[in-house]
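The values are calculated or read from the model by the stated rules, or taken from the named source; none is laboratory data. Note that the coordinates shown come from a computational prediction; the quantities given were computed from them, not determined experimentally. Cβ coordinates were reconstructed from backbone atoms using ideal geometry, including for glycine residues, and neighbour counts include every protein chain displayed. Please note that ligands, DNA and RNA were not included when accessible areas were found on the heavy atoms of the full protein model with its side chains. Shrake-Rupley method; radii C 1.70, N 1.55, O 1.52, S 1.80 Å.
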Protein chains: 2
Amino acid sequence: MEPGENIKDSAVREFKEETGLDIENPELRGSFTFIMREEEKTAQEWMMFTFYTTSYTGELLEESEEGELEWVPVDEVLNKPMAEGDREIFRHILSSDHQLYGTFVYTTDFQLIDQDLDPS
Amino acid sequence: MEPGENIKDSAVREFKEETGLDIENPELRGSFTFIMREEEKTAQEWMMFTFYTTSYTGELLEESEEGELEWVPVDEVLNKPMAEGDREIFRHILSSDHQLYGTFVYTTDFQLIDQDLDPS
C-alpha cells in the first residue's frame, strides 16, 4: 500500500498497474494474515485483502512485471498452479459472497504448514 | 493485532478485553487508513477495521483500561464526544450495511484535516 491509501484504493491501483485494467465496484470478500516461518520463528508477517468484481474497462496487457497475463475461465481457476492457501481463498470466493477471514502459516519456500479459516 | 491474528480474531479479542463481552458473528463494515500529520510530515499511519454485531454474551464491565463503560442508545451515539472521522464512520454504519472505505488525516491533537470516504 502507498501512504494514505485505503485497501480499496490499493486494490484498484495495483490491479491497474499489473493488468492494465480499471476495475469497477470491487467488493471486499476476504481478509487474511500470513506468517512465514523459518526455524520456528516468524521471518515475515503480512496481510492480504481479496476483492471481487465482474466489471472493468480497458484491455488486458499481454505481460507486466508480474509475468505473462491471460484470462482464465472460472471453472479452470482452481487447477492453476498457486500457493495452497490461495486455492482455499479462490474456492471460497468463487462459491460464496460471505466475508472470509483467515490466517495462513507458510515455510520460506511457500509450503503451507497451517491454516485457520473462518468460516472453515 | 497480535502475531498470527486476522482482523476478526483481533476485534473479538479486543472487545472482550475492553468490555468483558463476547461478541458473536461480527461483520466487517469498514476499512480505514489513518494518517497523523505533524509539520507536513506523516508522524504516524495505521489502519482500523470496523465490525458490526447485535449479538453477544456476558455482562458489560463497569470499567476497563479504556475508561468507564456504559450502554448508549443507538440514537444518541452520534451526540457523544469522539474524533470527527469516527462520527462519519458511525453515521454510515448505523444507516447502511454496505462496506465503507476511507482515509482520514489528523493533526497530532486529533483535529481532522482531511477525509476521503467511499462511498462518500
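Have a look at B:THR50, B:PRO119, B:LEU94 and report the one farthest towards the positive end of the charge dipole of chain B, computed about the Cα centre with Cβ charges (Lys/Arg +1, Asp/Glu -1).
The residue sitting most towards the positive pole is B:PRO119.
Measuring with a 1.4 Å probe in the full set of protein chains, what accessible area per residue, in whole Å², belongs to the stretch A:7-119?
Accessible area per residue, the stretch A:7-119: 63 Å².
Just from the alpha-carbon atoms, what are the Rg and Dmax of the stretch B:7-119 in angstroms?
Cα only, the stretch B:7-119: 15.0, 45 Å (Rg, Dmax).
Determine the share of the stretch A:7-119's accessible area contributed by carbon and sulfur atoms, expressed in whole percent, with a 1.4 angstrom probe.
46 percent
Taking the Cα-to-Cβ direction at A:GLU17 and at A:ARG91 and moving 7 Å from each Cα, how far apart do the two end points lie in nm?
Those two pseudo-labels are separated by 3.1 nm.
What is the ratio of the Cα radius of gyration of the protein assembly as shown to 2.2 N^0.38 Å, with N the residue count, to two decimals?
1.12
Could you size up the charge dipole of the stretch B:7-119 around its Cα centre, putting +1 on the beta carbon of Lys and Arg and -1 on that of Asp and Glu, and report it in debye to the nearest 20?
420 debye
At a probe of 1.4 Å, how much accessible area disappears from chains A and B on forming the pair, both sides counted, to the nearest 100 Å²?
Approximately 1600 Å² gets buried when A meets B.
Out of residues 5 or more away from B:GLY30 or on other chains, whose amide H comes under 5 Å of its own, with H placed 1.01 Å from N in the peptide plane?
Placed amide hydrogens put B:THR50, B:LEU100 under 5 Å from B:GLY30.
I need the inter-copy label distances for B:ALA83: point set 7 Å along Cα to C-beta, values in nm with one decimal, smallest first.
Result, one decimal in nm: 3.0.
Please give the length that would be gained between A:THR57 and A:GLU70 if that part of the chain were fully extended, namely 0.36 nm times their separation in residues minus their C-alpha to C-alpha distance (nm, one decimal).
That works out to 3.1 nm of additional length.
By its C-alpha gyration tensor, with a ≥ b ≥ c as the square roots of the eigenvalues, how is the stretch A:17-56 shaped: rounded for a/c under 1.5, else prolate for a/b larger than b/c, else oblate?
prolate
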